[in-house]
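The values are calculated or read from the model by the stated rules, or taken from the named source; none is laboratory data. All figures in this text were calculated on a predicted structure; none of them were measured in a lab. All accessible areas refer to the heavy atoms of the entire protein, side chains included, with ligands and DNA or RNA removed. Shrake-Rupley method; radii C 1.70, N 1.55, O 1.52, S 1.80 Å.
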Amino acid sequence: MFAIELMMPELSARTFLPVALSTGTATFIGRIFFGLHPAFAIPASLLTSQQPASLTELLLYALLGALIGVAATAFVRGLTLAEVV
């Protein structure tokens, strides 16, 4: 769906079918060559935390979210300016 949203101006059976087939084919071939394991291994110790996040961590995550929001806005406005030029 992401490829259709970016590359296709309309959504119809004529545009959806080739993208769905190519996605399925790419997934199938990728699993043949790379296997079923995830691309990035994450240690189990990082996934199981016994203590909740501290207030400092939560504030840093909120700050990171705000910074990413500002960066996203600047990126979209930059793309709009680039299309005009």
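Which one of the conditions (1) hydrophobic (A, V, I, L, M, F, W, C); (2) open to solvent by 80 Å² or more (accessible area, probe 1.4 Å); (3) within 20 Å of the chain's Cα centre (by Cα) does Ala26 fail to meet, given that it meets all the rest?
Every condition holds for Ala26 apart from (2).
Looking only at residues in segment 36-85 that are modelled with pLDDT under 90 and not in a loop (DSSP other than H, G, I, E, B), which one is most open to solvent (accessible area, probe 1.4 Å)?
Ranking the qualifying residues of segment 36-85, first place goes to Glu83.
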